[in-house]
1. Under the condition of being part of a strand (DSSP E or B) and within 13 Å of the ligand (Cβ to nearest atom), which residue from the stretch 184-225 is farthest from the chain's Cα centre (by Cα)?
2. Does residue 125 qualify as being in contact with a helix residue (DSSP H, G or I) (Cβ under 9 Å, 6 or more places away or on another chain) and either more than 15 Å from the ligand (Cβ to nearest atom) or in a strand (DSSP E or B) (or both)?
3. Determine whether the stretch 164-183 contains at least one residue that is within 18 Å of residue 33 (Cβ to Cβ), in contact (Cβ under 8 Å) with a residue 12 or more places away in the chain and part of a helix (DSSP H, G or I).
4. Do we have residue 144 as over 17 Å from residue 193 (Cα atoms) and either touching a helix residue (DSSP H, G or I) at 6+ places or on another chain (Cβ under 8 Å) or touching a residue at least 60 places away in the same chain (Cβ under 8 Å) (or both) here?
5. Please go through the stretch 46-59 and pick out each residue that is part of a helix (DSSP H, G or I), surrounded by 15 or more Cβ atoms within 10 Å (Cβ to Cβ) and away from the ligand (no atom under 16 Å from the Cβ).
6. Tell me, yes or no, whether the stretch 171-178 has at least one residue that is at pLDDT 95 or above and under 17 Å from the mean Cα position of the chain (by Cα).
7. Looking at the stretch 68-81, which of its residues are touching a residue at least 12 places away in the same chain (Cβ under 8 Å), away from the ligand (no atom under 14 Å from the Cβ) and part of a loop (DSSP other than H, G, I, E, B)?
Ligand SMILES: *Cc1c(COP(=O)(O)O)cnc(C)c1O
């Protein structure tokens, strides 16, 4: 992809995030994670050269291949996909900056066991299935608060830092907004328990997500279109 085009896209994204966050509050800070699942190491390197450090991948194999190809750069790798049990050890070895898609207590317990064996820790977010969609991973909103506390109580090597959600899959803005508001409420309730990150918003809905309180957006296609 052309470097100038990438820079244009990035400038535009930053400006839109800036406008959206100021609409919420001058003090509201939003981190942009560039989702790089559509591109190879070369484009990720170009992104880094433009100043982007946080990047996200949704498959352990891709995270491994790309982070190894770019191990000369201080990139912050986020894992945002479904984690299969047989990939847990691989993910631990890759030492991700933030694992955003912890989606069941069961997975948390298994991950914790493997972290214990490897004497490592991992920063994680609990994924919330905010619109209760069958195709999506995550705990249902009604259970999220209790699950979060259970994970804190029952694990020693997982450092829970907040919640992540994917907005409702629909064209209807009100429905999407509701899914963000639901997640933000859970995040607020969890703040006294250490939650600092509310990760929501993608290429098609990040401004709405920020309006609803998101402080981390995961943007992919908009960078590379
Ligand atoms: C792919 C993906 C994104 C980015 O989606 P875009 O619509 O390309 O911005 C964000 N979050 C998750 C979990 C993803 O899988």
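The values are calculated or read from the model by the stated rules, or taken from the named source; none is laboratory data. Since this is a predicted model, take the numbers as computed values, not measurements. Ideal geometry is used to build each Cβ from the backbone, glycine not excepted, and the neighbour counts take in all protein chains shown.
1. 219
2. no
3. Yes.
4. So residue 144 fails the test.
5. 46, 48
6. No: the stretch 171-178 contains no residue that is at pLDDT 95 or above and under 17 Å from the mean Cα position of the chain (by Cα).
7. The answer is 70, 73, 74, 75.
Let's see how each residue does on (1) exposed (fewer than 15 other Cβ atoms within 10 Å of the Cβ); (2) assigned to a helix (DSSP H, G or I); (3) within 16 Å of the ligand (Cβ to nearest atom):
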| site | (1), (2), (3) |
| --- | --- |
| 4 | yes, yes, no |
| 23 | yes, yes, no |
| 26 | yes, no, no |
| 61 | yes, yes, yes |
| 66 | no, yes, yes |
| 83 | no, no, yes |
